[in-house]
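Single-structure report; data block below.
Taken together, the values in this text are just the output of simple stated rules run on the coordinates, not laboratory data. These numbers were taken from a predicted model, which means no experiment stands behind them. Every residue, glycine as well, gets a Cβ built from its backbone with ideal geometry; the counts of neighbours run over all protein chains shown.
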Amino acid sequence: MVCETLPHGSCVYTDENNKISFDGLLLALFSKIKRFDRILDVGTGCGIIPLKLYDEGLLGECVALEIDPTASYLADSAAKKNMFARMSVINCDAREYASDKKFDAVFCNPPYFNNGTPSENEARSAARHEISLTLRDAAVIARRSLKEGGKLFICYRAERLDNIFSCFEENELRIKRLRFVRSSPDASPWLVLVEARYRSGPGVNVMPDLIVKNEIKE
């Protein structure tokens, strides 16, 4: 277990199989939330999204769900190390989680492969997650968890944007803002960052493409 430090000093615990997700960082930076919003993070991994949000000044409650016990332990250890008392990590199947109180925002960073052929460990991990959480599952979780007008932030492979639209429409989620991510001006987008709202009106803000290299260390 290694402690990696975020810009404002917060610790993120990682290990060989649970590293800081580059796209998770991008999603946290893309999001627009209020300081006291109540947040749900679906499939938190090592906890990078809520830890980044708290590192940037979030003061509200955050519930982080993770099916893998090792990743849950890392995220929970980091929350305690940083004394983020309002961050709670629950080791569970997100499809079975329910809360009496609705959330202002839901985050989800589904697993996929950015470049090349995945390693054997990565393939096993992704297979476990695909069984436990599909894109449609994420949309259903957001629908039942969000307040009316609440936000869903999700990142996904750019070429599967059509899947996002269809799954969201089925669950009364309207895409309000999206941004494509490229590794260079001439490259095809490899990622799309999406903000949707539950039971919201029409209108989409397509932001300028973000040019950034995936510099996460393997």
Bounding extents of the chain in its principal axis frame from Cα atoms, largest first in Å, are 43, 43, 34
What size of dipole, in debye to the nearest 20, comes out for the chain about its Cα centre when the only charges are +1 on Lys and Arg C-beta atoms and -1 on Asp and Glu C-beta atoms? 840
Give me a comma-separated list of calculated 3J(HN,Hα) values for segment 154-171, in order, Karplus coefficients 6.51, -1.76, 1.60 applied at θ = phi - 60°, integers in Hz, x for any Gly or Pro. 9, 10, 7, 4, 4, 6, 10, 4, 4, 5, 4, 4, 5, 5, 5, 4, 5, 10
Straight-distance crosslink candidates among aspartates and glutamates, where the alpha carbon sits under 18 Å from LYS19 and sequence neighbours closer than 8 are dropped: GLU4, ASP41, ASP55, GLU66, ASP68, ASP76, GLU120, GLU122, GLU215, GLU218
At 7 Å along Cα-to-Cβ for each site, give me the label-to-label distance between LYS32 and ASP209 in nm. 2.3
Using the charge dipole of segment 2-211 (Lys, Arg: +1 at Cβ; Asp, Glu: -1 at Cβ; taken about the Cα centre), state which of ILE175, CYS108, ASN17 has its Cα farthest towards the positive end. ILE175
Is there a pair in LYS102/LYS213; LYS147/LYS213; LYS101/LYS176; LYS81/LYS176 whose C-alpha atoms are over 32 Å apart, and which pairs would that be? LYS102/LYS213; LYS147/LYS213; LYS81/LYS176
Through the Karplus equation 6.51 cos²θ - 1.76 cosθ + 1.60, θ set to phi - 60°, convert the phi angles of segment 89-95 into ³J(HN,Hα) values in whole Hz; use x for Gly and Pro. 10, 10, 7, 7, 7, 4, 5
What FRET efficiency do you get for GLU4 and ARG136 if R0 is 25 Å and r is their Cβ-Cβ distance, rounded to the nearest 0.05? 0.15
Other residues with Cβ under 14 Å from the Cβ of GLY9 give, with Lys and Arg +1 and Asp and Glu -1, a net charge of -1
Taking H as built 1.01 Å from N, whose amide H comes closer than 5 Å to the amide H of CYS62, not counting residues under 5 places away? ILE39, MET87, SER88
Pull out the extension gain between SER183 and SER88, defined as 0.36 nm times the separation in residues minus the alpha carbon to alpha carbon distance; nm, one decimal. 30.8 nm
Exposed loop trypsin sites (Lys or Arg not before Pro) only (DSSP loop, at most 12 other Cβ atoms within 10 Å): please give the longest stretch of the chain free of them, not including the sites. 102-212
